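Undergrad: Here you go, one structure.
The values are calculated or read from the model by the stated rules, or taken from the named source; none is laboratory data. Note that this is a predicted model, so its numbers are computed, not measured. Cβ sites come from the backbone with ideal geometry, for glycine too, and all protein chains shown count toward neighbours.
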Amino acid sequence: MRLKRLPDARALARRRRRLMSRMGSRDVVLLSSAPETFHSNDVEHRYRPDSDLFYLTGFSEPGAVAVLAPGHPHGDFWLVVRPRDPGKEAWTGPRAGVQGAREIYGARMARPLAALPEVVEEVLDRAATLYHMPGRDPALDTLLRRLLSRRRRNRRRIPRALSDVRPLVHEMRLKKEQDELAHMRRAAAITCRAHREGMALAAPGLYEYQVEARIDCVFRTLGAQGVAYPTIVGSGPNGVILHHVDNQRRMRRGDLVLVDAGCEFHCYAADVTRTFPVDGRFRPPQRRLYDLVLAAQQAAMGEVRAGVSMDRPHQAAVEVLAQGLVDLGILPGTPRDVVAGKTYLPFFMHRTSHWLGLDVHDVGGRTRHGRPRRLASGMVLTVEPGLYIRADAAGVPAAYRGLGIRIEDDLLVTAAGHEVLTGDLPRTAAAIERACRRAPRL
């Protein structure tokens, strides 16, 4: 994968220094690239770099290992990379090579991939604790095991501990820096535009995949790398399937269409869901259910601010949904009974929020020291309540059966509360209907 412009070198260096400041003076980190994957036989998927390696180095090619070694006489940042190879580059494009690793990416020392065993031996000679990414690169794991086993047999020095570096990196990734937020705002803007175009295109008689194609086309047309995850277009009964990606159904008059789609820009994801009537008009039962989900989202968004528990937006959404499910005759009992007994779960079975960033379900635990994590300025999360009422749901009024509705936006926690990164996209039922009546513009 080749980006149109490289990440901010100063920001990358700051991140590496922050990580190394949490380590001992003789500790060492090994970071490995993501492996290449194949669609079929020898046809490769478009390469996407490992998020942790990219976050710390900006390097986006396969076959790479980064070394962070605070205080090392050769420098604290090394890259081991594939060498330049004109024959292979004729097929797959230019490589940075050893020289590019130094000149473009700022590595203090750079070596070809064939020298990796020697580099790891040098690391093992020094490391008090060796931080690495077990399971990410099976070949590197095998090399480490082999070299450590040989050192034990020969009574040579080995690190006193091996530790997974990812918890440290993932804690850093929770709070986004300004360069990251710039990419996320752009991803959000492109995604909002694509959703508008999908709403404008959709009509009875078209297929789900045609809406998917329009959305994915807008992503690429406006400069995104592509999708952050497979685009979901669930019409009619498919709207109750959380991750419906087949997108083969022909849409019919009276359907609701649930679209969950987000692009990836400079490796940062957006994640947005809207539900709209395919013919531009909510039927009364659809409108009642839609307004309930929207009220739940508004209640959850009202809880997004620094210092609040990560669980609180979800609790707020559940409380509103419970009240509405009782009021609409979908569930018996009182709202308190519904919440306490979790009888809403057949209709709302997922959490309201997840982290967002370099991964669409971004890293960083929901808990810290055994307690729900508190939101802090710089964190980005989704707010996405929904209701999914299957066609065969027992005891539910017939008017609501077969309806699936989700509304999802991306929020940045700020010192003043929050910023809705996807706020340009219509959310109210009236605004959604207007967007559906607009002619496509791209």
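Undergrad: Let me confirm something: among Gly223, Gly198, Gly234, which residue is of a type outside the set (A, V, I, L, M), modelled with pLDDT of 95 or more, in contact with a helix residue (DSSP H, G or I) (Cβ under 8 Å, 6 or more places away or on another chain) and assigned to a strand (DSSP E or B)? Outline the logic, then answer.
TA: Details: Gly223 fails: assigned to a strand (DSSP E or B); Gly198 fails: assigned to a strand (DSSP E or B).
Unique residue meeting the criteria: Gly234.
Undergrad: Additional query: Which one of the conditions (1) aliphatic (A, V, I, L, M); (2) crowded, with 21+ Cβ neighbours inside 10 Å; (3) in contact (Cβ under 8 Å) with a residue 24 or more places away in the chain does Leu53 fail to meet, given that it meets all the rest?
TA: (3)
Undergrad: May I ask you to verify whether Leu387 is surrounded by fewer than 14 Cβ atoms within 10 Å (Cβ to Cβ) and among the hydrophobic types (A, V, I, L, M, F, W, C)?
TA: Numbers: surrounded by fewer than 14 Cβ atoms within 10 Å (Cβ to Cβ): no; among the hydrophobic types (A, V, I, L, M, F, W, C): yes.
Considered against the rule, which asks whether it is surrounded by fewer than 14 Cβ atoms within 10 Å (Cβ to Cβ) and among the hydrophobic types (A, V, I, L, M, F, W, C), Leu387 comes out as no.
Undergrad: Residues in region 421-442: is at least one part of a strand (DSSP E or B) and either surrounded by 14 or more Cβ atoms within 10 Å (Cβ to Cβ) or outside the structural domain of Phe219 (by TED's automatic domain parsing) (or both)? Write out each step before concluding.
TA: Applying the first criterion (part of a strand (DSSP E or B)) to region 421-442 yields none.
Taking every residue of region 421-442 in turn, none turns out to be part of a strand (DSSP E or B) and either surrounded by 14 or more Cβ atoms within 10 Å (Cβ to Cβ) or outside the structural domain of Phe219 (by TED's automatic domain parsing) (or both).
Undergrad: Here is a further query. Which one of these is touching a residue at least 60 places away in the same chain (Cβ under 8 Å), among the hydrophobic types (A, V, I, L, M, F, W, C) and in a loop (DSSP other than H, G, I, E, B): Ala399, Ala391? Talk me through it step by step, then tell me what you get.
TA: Details: Ala399 fails: in a loop (DSSP other than H, G, I, E, B).
Residue meeting the stated conditions: Ala391.
Undergrad: Go through region 245-276 residue by residue and tally those that are of a type in the set (Val, Ile, Thr) and under 30 Å from Tyr47 (Cβ atoms).
TA: If we filter region 245-276 for residues that are of a type in the set (Val, Ile, Thr), which is where we start, we get 245, 257, 259, 272-273, 275.
When the remaining residues are screened for being under 30 Å from Tyr47 (Cβ atoms), the result is 245, 259, 272-273.
Final tally of qualifying residues: 4.
Undergrad: Test Val383 against the criterion of being of a type in the set (A, V, I, L, M, F, W, C) and under 17 Å from the mean Cα position of the chain (by Cα), and give yes or no. Full working, then the answer.
TA: Values: of a type in the set (A, V, I, L, M, F, W, C): yes; under 17 Å from the mean Cα position of the chain (by Cα): yes.
In short, yes.
Every residue, every condition in (1) within 25 Å of Glu180 (Cβ to Cβ); (2) in contact with a helix residue (DSSP H, G or I) (Cβ under 6 Å, 6 or more places away or on another chain); (3) surrounded by 23 or more Cβ atoms within 10 Å (Cβ to Cβ); (4) not aromatic (Phe, Trp, Tyr), yes or no:
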| residue | (1), (2), (3), (4) |
| --- | --- |
| Met20 | yes, no, no, yes |
| Ser33 | yes, yes, yes, yes |
| Glu36 | no, no, no, yes |
| Ser40 | no, no, no, yes |
| Arg48 | yes, no, no, yes |
| Ala66 | yes, yes, yes, yes |
| His72 | no, no, no, yes |
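Undergrad: Next question. So, in region 312-324, exactly how many residues are closer than 14 Å to Tyr290 by Cα and either in contact (Cβ under 8 Å) with a residue 60 or more places away in the chain or among the β-branched types (Val, Ile, Thr) (or both)?
TA: Result for region 312-324: 3.
Undergrad: Would you mind stating whether Ala34 is among the small types (Gly, Ala, Ser), over 19 Å from Leu358 (Cα atoms) and in contact (Cβ under 8 Å) with a residue 24 or more places away in the chain? Talk me through it step by step, then tell me what you get.
TA: Details: among the small types (Gly, Ala, Ser): yes; over 19 Å from Leu358 (Cα atoms): no; in contact (Cβ under 8 Å) with a residue 24 or more places away in the chain: yes.
No, not satisfied.
Undergrad: Spot the failing condition for Thr92; the list is (1) at pLDDT below 95; (2) hydroxyl-bearing (Ser, Thr, Tyr); (3) closer than 16 Å to Leu12 by Cα, and only one is missed.
TA: Unmet for Thr92, out of (1) at pLDDT below 95; (2) hydroxyl-bearing (Ser, Thr, Tyr); (3) closer than 16 Å to Leu12 by Cα: (3).
Undergrad: While we're looking at this one, here's another question. So which residues in region 103-119 are surrounded by fewer than 18 Cβ atoms within 10 Å (Cβ to Cβ), charged (D, E, K, R) and farther than 23 Å from Leu162 by Cα, if there are any at all?
TA: Glu103, Arg108
Undergrad: Is it the case that region 120-135 has a residue that's polar (S, T, N, Q) and either surrounded by fewer than 16 Cβ atoms within 10 Å (Cβ to Cβ) or under 30 Å from Leu421 (Cα atoms) (or both)?
TA: Among the residues of region 120-135, not one is polar (S, T, N, Q) and either surrounded by fewer than 16 Cβ atoms within 10 Å (Cβ to Cβ) or under 30 Å from Leu421 (Cα atoms) (or both), which makes the answer no.
Undergrad: Right, next: Of all residues in region 355-375 being over 28 Å from Gly226 (Cα atoms) and outside any loop (DSSP other than H, G, I, E, B), which is nearest to the chain's Cα centre (by Cα)?
TA: Once the filter is applied, the top-ranked residue is Thr367.
Undergrad: Being in contact with a strand residue (DSSP E or B) (Cβ under 6 Å, 6 or more places away or on another chain) and either closer than 22 Å to Ile405 by Cα or in the same structural domain as Leu411 (by TED's automatic domain parsing) (or both): is that true of Asp327 here?
TA: Details: in contact with a strand residue (DSSP E or B) (Cβ under 6 Å, 6 or more places away or on another chain): no; either closer than 22 Å to Ile405 by Cα or in the same structural domain as Leu411 (by TED's automatic domain parsing) (or both): yes.
So Asp327 fails the test.
Undergrad: Keeping to region 151-188, report how many residues are in a helix (DSSP H, G or I), over 21 Å from the mean Cα position of the chain (by Cα) and surrounded by 13 or more Cβ atoms within 10 Å (Cβ to Cβ).
TA: Let us first name the residues in region 151-188 that are in a helix (DSSP H, G or I), namely 151-153, 166-173, 178-188.
Those left that are additionally over 21 Å from the mean Cα position of the chain (by Cα): 151-153.
Going one step further and asking which of them are surrounded by 13 or more Cβ atoms within 10 Å (Cβ to Cβ), we end up with 151.
The total comes to 1.
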